[in-house]
Amino acid sequence: MGVTTRMAAVARRVFPEKFLRNLDRTLESTKIVLSAEEYVGISLLATLLLCGVAGLVGFLFVLPVPWFVLVPLVAVIIFPVLMLWVPRYSAQRRAAELERALPDALRQMASTLRAGVGIDAALDDIAKSKYGELSSEFARVTSEVKRGRKLESALLALARRSSSTLYERAFRLIVEGIERGAALAGVLDAVAGDIKEVHAIQRERKSSTTQQVMFLFAVALFAVPFIVGLTVGVGGINIGGGPVTGGGLPEEMTTIAMAYVAIQAFICSLAVGVIRYGKMTKGLGYSVPFAIMSVMVFSIAQTVIGAMTPV
């Protein structure tokens, strides 16, 4: 039994079944071809390896955070990032890619149906076209229909896999049109037009909120971390000379200040989600890059003060 298999077995015993089921659903909406147990096992293994590396680096080099604090800190940060942020971010990226291609694909299907071709051939035509992930999804739908699954059920399953509210609404309308015997070509054209309008509204909202988002970027990633880093750096200077080694500010102040800039960056990322997308959880995709960048700017500010201080 390999290490990954053993870690997957541990994941099955430790994590609740509901959590693994939800993670399976999320992974199905990504390009990660792993089961929930396998993904959790690999995440646990990666976290342990990174904790080992962090502990070794903290033990060999002088860092603002001691190694026995750094190791659990890395574990607390890395494991949730791998378990929650990476799958959701991958699902959102894939959903955005699918949404961009959907209107053109639906209009192509409508044109094919008006030419007198059946729905199965229209689906197969999209599967063979160059729509990237969307063509792969339609190929899966075609394969499922050929194996005996109802077309309506296969389309709704595609919508669930997309992890996109827009997709679910669009395919629910298409399925309703099929079930009620409506002119499917007209339904497809109408749905494609609605999606185009939604995309136009999203682009308009994005352009109208750019100024607010850029302000939050400047505050969360540069202004606050740099000012706090300068303040902590100046506070840690000995009056008689170089950087403090025993006097001045306590060493814990650096850790507290670093945690502060990371937390404010996380809060600003949630604000970006609210302003740009109208949903706080959308900002979670920015949280990790924001926190990393703010901590880096904080460290750079301290380094600048250290370089300017006479020895």
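Just one of the listed residues (Gly247, Gly240, Gly177) is assigned by TED's automatic domain parsing to the domain that holds Gln108, at pLDDT below 85 and out of contact with any Cys (no Cβ under 9 Å at 6 or more places or on another chain), namely Gly177.
The residue that is surrounded by the fewest Cβ atoms within 10 Å (Cβ to Cβ), counting only those in segment 168-219 that are acidic (Asp, Glu) and touching a residue at least 24 places away in the same chain (Cβ under 8 Å), is Glu179. Residues in segment 283-295 that are crowded, with 18+ Cβ neighbours inside 10 Å and free of Cβ contacts under 8 Å to residues at least 24 places away in the same chain: 2 in all. Filtering segment 1-52 to residues that are surrounded by fewer than 16 Cβ atoms within 10 Å (Cβ to Cβ) and of a type in the set (D, E, K, R) leaves Arg6, Arg12, Arg13, Glu17, Lys18, Arg21, Asp24, Arg25, Lys31.
When each of Val10, Val40, Val3 is tested for being modelled with pLDDT of 85 or more and at negative phi, the lone residue that passes is Val40. Taking the stated definitions as given, is Arg172 closer than 14 Å to Ser29 by Cα and out of contact with any strand residue (DSSP E or B) (no Cβ under 8 Å at 6 or more places or on another chain)? Criteria not met by Arg172. Per the listing Thr26, Thr5, the residue uniquely under 26 Å from Gly132 (Cβ atoms), out of contact with any strand residue (DSSP E or B) (no Cβ under 7 Å at 6 or more places or on another chain) and either in a helix (DSSP H, G or I) or not assigned by TED's automatic domain parsing to the domain that holds Ile292 (or both) is Thr26. In segment 103-116, the residues that are of a type outside the set (Ser, Thr, Tyr) reach residues that are at pLDDT below 90 and not in a helix (DSSP H, G or I) with C-beta atoms within less than 7 angstrom, at least six apart or across chains, in these pairs: Ala105/Tyr131; Gln108/Ser129.
The values are calculated or read from the model by the stated rules, or taken from the named source; none is laboratory data. Keep in mind that this is a model prediction, so the values were computed, not measured. Reconstructed Cβ throughout: ideal geometry from the backbone, glycine too, with neighbour counts over all protein chains shown.
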